[in-house]
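Right, one structure below, let's go through it.
The values are calculated or read from the model by the stated rules, or taken from the named source; none is laboratory data. Remember, it's a predicted structure, so these values are computed and weren't measured experimentally. Cβ atoms come from the backbone with ideal geometry, glycine included; neighbour counts cover every protein chain shown.
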Amino acid sequence: MEIKLYQVDAFANNTFEGNPAAVCPLDEWIPDELLQQIAEENNLSETAFFVREDKGYALRWFTPEDEVDLCGHATLAAAHVLFKHLGYAQKSISFYTRSGELVVERTSAGYCMTFPATYVKSIASNLMLNEALGVTPLETHVGFDYIVVLNDEEQVKSVNPDFAKLQTLDLRGVVITARGNCVDFVSRCFFPKLNVNEDPVTGSAHCELAPYWAAKLKQKTLLGKQLSKRTGLVECEVIDDNVLLKGNAIDYMCGVITLNTQ
């Protein structure tokens, strides 16, 4: 069995920036165990698989550890593969996912994704979380991750997490954030439960961050920067119950997975 493989740097304007994702187009679904094995072998934060369905594509995302409900950068990468490599000619693509229908449009500057907004809820400070991060936060919130608000960009950069402690927490992961020096907000994202200690650029986390900062700053359009080693910029716009995430994608590699299924 042979499967096409594309590796794409998402939320990037140059190679080696943004967040790398693997994308595997399929004619039909193969067993989940094999999907997971491919993702583990790729050893990237996410591998996206899609199959043609109705007027769009069924899309699934796998980390090296498990399938996830929502992934921004691998969705952007999948759309890039369809538009650039597979001859998709329409202006927008509908992806059918575990988080509902996600729409990606091609624009003059790259791609625009429409994702569901997550409005976080404030909680009391979490002692285990604070110990794992080594900080005392200004605020702590929960969405599908813990959202920890810090004093400033420098404090976000300086955090050195205890990933073993973070792995014991109940939610998907931990996102730390603060006002940015040259952008509206900055962040870092930690997902040790998914075998991704620090994710380079996390589209799904901006579905939580953008509504929070939009309310805080009283503006609907924001620019976020993820302060990972690779870094990446995410343009965000909050419209009612949706977040528009805008960014570009760059090819890194095209190849073929050859599977010995005997």
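Considering the conditions (1) assigned to a strand (DSSP E or B); (2) among the aliphatic types (A, V, I, L, M); (3) within 24 Å of Thr47 (Cα to Cα), Ala205 is excluded by exactly one of them, (1).
Within the option set Arg98, Arg106, being within 17 Å of the chain's Cα centre (by Cα) and within 29 Å of Gly143 (Cα to Cα) holds for one residue only, Arg98.
Of Asp9, Asp27, which residue is modelled with pLDDT of 95 or more, farther than 25 Å from Leu194 by Cβ and touching a Lys or Arg at 6+ places or on another chain (Cβ under 9 Å)?
After ruling out the rest, the residue left standing is Asp27.
Between Pro64, Pro116, which is within 22 Å of Asn197 (Cα to Cα), touching a residue at least 40 places away in the same chain (Cβ under 8 Å) and out of contact with any strand residue (DSSP E or B) (no Cβ under 6 Å at 6 or more places or on another chain)? After applying the criteria, what remains is Pro64.
If the condition is being at pLDDT below 95 and part of a strand (DSSP E or B), then region 219-233 contributes Gly232, Leu233. Checking each residue in region 70-101 for being closer than 21 Å to Gln37 by Cβ and out of contact with any strand residue (DSSP E or B) (no Cβ under 8 Å at 6 or more places or on another chain) picks out no residue at all. With respect to the numbered conditions (1) among the basic types (Lys, Arg); (2) part of a loop (DSSP other than H, G, I, E, B); (3) crowded, with 21+ Cβ neighbours inside 10 Å, which one is the sole condition not fulfilled by Arg188? Result: Arg188 passes all but (2).
When region 64-80 is examined, which residues are found to be surrounded by 24 or more Cβ atoms within 10 Å (Cβ to Cβ) and either in contact with a Phe, Trp or Tyr (Cβ under 6 Å, 6 or more places away or on another chain) or within 30 Å of Gln167 (Cβ to Cβ) (or both)? Explain how you work it out, then say what you get.
In the first step, residues of region 64-80 are kept if they are surrounded by 24 or more Cβ atoms within 10 Å (Cβ to Cβ); the result is 71-80.
The answer is Cys71, Gly72, His73, Ala74, Thr75, Leu76, Ala77, Ala78, Ala79.
Among the residues of this structure, Tyr96 counts as one that is in contact with a Leu (Cβ under 8 Å, 6 or more places away or on another chain) and in contact (Cβ under 8 Å) with a residue 40 or more places away in the chain.
Restricting to region 28-62, name every residue that is outside any helix (DSSP H, G or I), among the polar types (S, T, N, Q) and either touching a His at 6+ places or on another chain (Cβ under 7 Å) or surrounded by 13 or more Cβ atoms within 10 Å (Cβ to Cβ) (or both). Full working, then the answer.
First pass over region 28-62, keeping only residues outside any helix (DSSP H, G or I): 28-31, 43-62.
Now narrow it down to the ones that are among the polar types (S, T, N, Q): 43, 45, 47.
Correct list: Ser45, Thr47.
With respect to the stated conditions, Phe83 fails to be free of Cβ contacts under 8 Å to residues at least 60 places away in the same chain, surrounded by fewer than 17 Cβ atoms within 10 Å (Cβ to Cβ) and among the aromatic types (Phe, Trp, Tyr). Scanning region 51-58 turns up at least one residue that is β-branched (Val, Ile, Thr) and either closer than 21 Å to Ala205 by Cα or without any contact (Cβ under 8 Å) to a residue 60 or more places away in the chain (or both). Residues of region 234-260 that are in a loop (DSSP other than H, G, I, E, B) and out of contact with any strand residue (DSSP E or B) (no Cβ under 8 Å at 6 or more places or on another chain): Asp240, Asn260.
Looking across region 174-183 at every residue that is part of a loop (DSSP other than H, G, I, E, B) and out of contact with any Lys or Arg (no Cβ under 7 Å at 6 or more places or on another chain), the one that is nearest to Leu127 (Cα to Cα) is identified as Asn181. In the set (1) under 28 Å from Lys193 (Cα atoms); (2) outside any strand (DSSP E or B), the condition left unmet by Gln90 is number (1).
Conditions tested, residue by residue: (1) more than 19 Å from the chain's Cα centre (by Cα); (2) among the aromatic types (Phe, Trp, Tyr).
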{"site": "Asn160", "(1), (2)": "yes, no"}
{"site": "Asn197", "(1), (2)": "no, no"}
{"site": "Tyr212", "(1), (2)": "no, yes"}
{"site": "Gln226", "(1), (2)": "no, no"}
{"site": "Val234", "(1), (2)": "no, no"}
{"site": "Asn248", "(1), (2)": "no, no"}
